[in-house]
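Colleague: Before I ask anything, let me first share the structure, which is written out below as structure tokens.
The values are calculated or read from the model by the stated rules, or taken from the named source; none is laboratory data. Small disclaimer: the values here were computed from a predicted structure and weren't measured. Ideal geometry is used to build each Cβ from the backbone, glycine not excepted, and the neighbour counts take in all protein chains shown.
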There are 2 protein chains.
Amino acid sequence: MDKQTVTIYDVAREASVSMATVSRVVNGNANVKPATRKKVLDVIEKLDYRPNAVARGLASKKTTTVGVIVPDVTNMYFASLARGIDDVATMYKYNIILTNSDSNSEKEIKVLNTLLSKQVDGIVFMGNEITDKLREEFKRTKTPIVLAGSVDDEGTDPSVNIDYVAAVQEEVKNLIDRGNKRVAFVCGPLNQSINGKYRLKGYKQALKSAGIPYDDKLVFETDDTYKTGTLLQPALMAVNATAAMVTDDELAAGIMNGMSDADISVPNDFEVITSNDTKLTEMVRPKMSSITQPLYDIGAVAMRLLTKLMNNEPVEEKNVLLPYGLMKRESTK
Amino acid sequence: MDKQTVTIYDVAREASVSMATVSRVVNGNANVKPATRKKVLDVIEKLDYRPNAVARGLASKKTTTVGVIVPDVTNMYFASLARGIDDVATMYKYNIILTNSDSNSEKEIKVLNTLLSKQVDGIVFMGNEITDKLREEFKRTKTPIVLAGSVDDEGTDPSVNIDYVAAVQEEVKNLIDRGNKRVAFVCGPLNQSINGKYRLKGYKQALKSAGIPYDDKLVFETDDTYKTGTLLQPALMAVNATAAMVTDDELAAGIMNGMSDADISVPNDFEVITSNDTKLTEMVRPKMSSITQPLYDIGAVAMRLLTKLMNNEPVEEKNVLLPYGLMKRESTK
DNA sequence: GATTTACTTGAAAACGTTTTCAATTTGCTG
DNA sequence: CAGCAAATTGAAAACGTTTTCAAGTAAATC
């Protein structure tokens, strides 16, 4: 049934050398006489030999595979990061095992463990809340893990992010400077520290610098979905908000469409700023003003960082902050 | 450095049984006395033993990993399929190695081979053009491969799709019935058979049934991007088209926005129908009328089909067509 | 209670590589 | 051309499981 599997031993026999020598030429080891190398290469070609990566992994304890845990690839934000990760992974000869966690802590722990049992050489984790249990699992393994676009309060794990506090603070400040006295903060679950600790902090700081008292009626905790966004207009009006800082693009698109459907003009009657800078910002009308973040790069840099960790190379800074920007489009004045 | 790796041998010793017995309990083999099972389980717990999937893969020749080749996860269409694939993969205890091919034939062949060298148990392939070279590679391996949302002219490989011909024909017929004499067909690369052979065929058939002569000036071959869509309005007007059947949602969104920006009202002055039914159809204004296809399910069914193939189970139909629908939203009258 | 039959177990051989260590060649030096 | 260092090679032991086969043990039959 599978007699077509050619092994290193077959090649060795056919080329009348030892397995060791074949292994050397396959791995590009320099210590082999050119003539021998050619002979082996010819046989490899002739037999159509392909090294078995599993056996290789067992013998060398390296699988050239990394695990990627992501809440949901279907979300453009994470899809962009994943793409960045895969591209540099490919560049460094790694493959990625991609798993969706739905931000479910149990699932995260479960897939983390299957990933580890599969002996991945490293893991890049994207997730919004790192529970104690999860952090413990992280600590238990010696497999390097880096967080991408995901904050960890403790800062103990390597990570790649932007400065969420500063970005939100700056955008909210702009909103206030433009005359908005009541700026809503519409976010995903607050128990996710990226929202509850970082972005909210930026929001509060902006308020404070402007001498505006914090009013928790202006904070809307949602599930980050488009649908929810479309339903938010009445509540937003009820608290007299004239602008909103939103933490997710789909959510923001929902809000904008909800406003339009209620004949509230964006940006004239209501301004909205979003956070993730996915291509959705440009597709929606009016185009959404946004914090810009180098999504692809966050993934790419995270993966690059991981390669260093996997090779025990020194890393200058294990918590890297990439630059963000502010892009004015049409949903703000 | 890695003395923390507990092997099956360690638990065997600690539980005073043989490796074989430990292997049996780990694999849920029924032939082990309950008392022994418990003893082993306790030791496993105590030692925090985790089976090494690589060794397992080598010994059993099964990796419980499948390869997924996708043009670009960043495209919502493929992201949705990928999500469906991952979910049922998880359900059947598989993991997926996800690779982006950018629809580049060389890359596709390359990743196919690395996937095979990694001994994946199966592959689900998404790609728009199956070159002869690629088809040959497919044939060379005994690893099962199924196509998801991707047509193969030869129909030799298992696949899961919708009936693209019929869907397009039906939508174009509707457009014509509503009085559009000049319906444009805006698509991605025509050398991709899903466009050049299937969808275009549906378009032509609809024309024919309505007694309208085919005019290739109405066919716009593009690169499927949003950006390109935004630029298409002048060309569309130049050929007096009053409606367009578009093969990609981002492309369609671009066209619609391009129209709006030129003060052409959709759907009053120009109707557009799109094909992929991603969530973008609902986010854009006006919402896009679309062929609906069960994206998630295409992925899910493809993966389910693959599990059967991997287990040598009989499959009733290897080329499955899932039902499509027509969803009228706001971009058509 | 002697056989048979059905369960449980263990020993050891795969699985296909990498890697260590020693042996063998080869190439230089003087 | 002896003597030694450097370059090439090969033998065999890992790597951590699964799996086959035979042996041992408990249960069932008459």
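Colleague: Quick check on my filter: what residues within region B:164-201 are over 20 Å from the mean Cα position of the chain (by Cα), more than 22 Å from residue B:228 (Cβ to Cβ) and not in a loop (DSSP other than H, G, I, E, B)?
Modeller: Within region B:164-201, B:169, B:170, B:173, B:174, B:176, B:177, B:201 meet the criteria.
Colleague: Please go through region B:2-58 and give me each residue that is more than 42 Å from the chain's Cα centre (by Cα) and either among the small types (Gly, Ala, Ser) or at positive phi (or both), ordered by number.
Modeller: Of everything in region B:2-58, those that are more than 42 Å from the chain's Cα centre (by Cα) and either among the small types (Gly, Ala, Ser) or at positive phi (or both) turn out to be B:12, B:15, B:16, B:18, B:35.
Colleague: Applying the selection to region B:98-120, what residues are charged (D, E, K, R), within 18 Å of the chain's Cα centre (by Cα) and either surrounded by 15 or more Cβ atoms within 10 Å (Cβ to Cβ) or assigned to a helix (DSSP H, G or I) (or both)?
Modeller: Selection gives B:107, B:108.
Colleague: Of the residues A:297, A:224, which single one is acidic (Asp, Glu), farther than 20 Å from residue A:332 by Cα and surrounded by 22 or more Cβ atoms within 10 Å (Cβ to Cβ)?
Modeller: Exactly one residue qualifies, and that residue is A:224.
Colleague: Return the total of residues in region A:91-110 being touching a strand residue (DSSP E or B) at 6+ places or on another chain (Cβ under 9 Å) and either under 20 Å from residue A:54 (Cβ atoms) or of a type in the set (D, E, K, R) (or both).
Modeller: 8
Colleague: Within region A:215-275, which strands (runs of 3 or more DSSP E) (wholly inside it) include 2 or more residues that are in contact (Cβ under 8 Å) with a residue 60 or more places away in the chain?
Modeller: It comes to A:243-246, A:271-274.
Colleague: State whether the residues of region A:82-104 include one that is within 12 Å of another protein chain (Cβ to nearest Cβ), more than 16 Å from DNA strand D (Cβ to nearest atom) and over 30 Å from residue A:161 (Cβ atoms).
Modeller: no
Colleague: For region A:307-333: of the residues being of a type in the set (Val, Ile, Thr) and either part of a loop (DSSP other than H, G, I, E, B) or without any contact (Cβ under 8 Å) to a residue 40 or more places away in the chain (or both), which is farthest from residue A:92 (Cα to Cα)?
Modeller: It comes out as A:332.
Colleague: Need a quick list: helices (runs of 4 or more DSSP H) entirely within region B:1-81 having at least 1 residues that are within 13 Å of DNA strand C (Cβ to nearest atom) and more than 11 Å from chain A (Cβ to nearest Cβ).
Modeller: Where helices (runs of 4 or more DSSP H) fall fully within region B:1-81 and carry at least 1 residues being within 13 Å of DNA strand C (Cβ to nearest atom) and more than 11 Å from chain A (Cβ to nearest Cβ), they are B:8-14, B:19-26, B:34-47.
Colleague: Among A:180, A:161, which is the only one that is in contact with a strand residue (DSSP E or B) (Cβ under 9 Å, 6 or more places away or on another chain), over 23 Å from residue A:308 (Cα atoms) and buried (at least 16 other Cβ atoms within 10 Å of the Cβ)?
Modeller: After ruling out the rest, the residue left standing is A:180.
Rundown of residues vs (1) small (Gly, Ala, Ser); (2) more than 7 Å from DNA strand D (Cβ to nearest atom); (3) at pLDDT below 95, yes/no style:
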position	(1), (2), (3)
B:4	no, yes, yes
B:48	no, yes, yes
B:52	no, no, no
B:55	yes, no, no
B:63	no, yes, no
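Colleague: Go through A:36, A:74, A:63 for me and flag whichever is surrounded by 13 or more Cβ atoms within 10 Å (Cβ to Cβ), free of Cβ contacts under 8 Å to residues at least 40 places away in the same chain and closer than 30 Å to residue B:80 by Cα.
Modeller: A:74
Colleague: If you don't mind, another one. Looking at (1) within 13 Å of another protein chain (Cβ to nearest Cβ); (2) within 28 Å of residue A:147 (Cα to Cα), can you tell me which one residue A:257 breaks?
Modeller: (2)
Colleague: Return the residues of region A:14-43 that are in contact with an Asp or Glu (Cβ under 6 Å, 6 or more places away or on another chain) and hydroxyl-bearing (Ser, Thr, Tyr); say none if nothing qualifies.
Modeller: Passing the criteria: none in range.
Colleague: From (1) at pLDDT 95 or above; (2) surrounded by fewer than 16 Cβ atoms within 10 Å (Cβ to Cβ); (3) touching a helix residue (DSSP H, G or I) at 6+ places or on another chain (Cβ under 9 Å), pick out the condition that doesn't hold for residue B:146.
Modeller: The single condition residue B:146 does not satisfy is (2).
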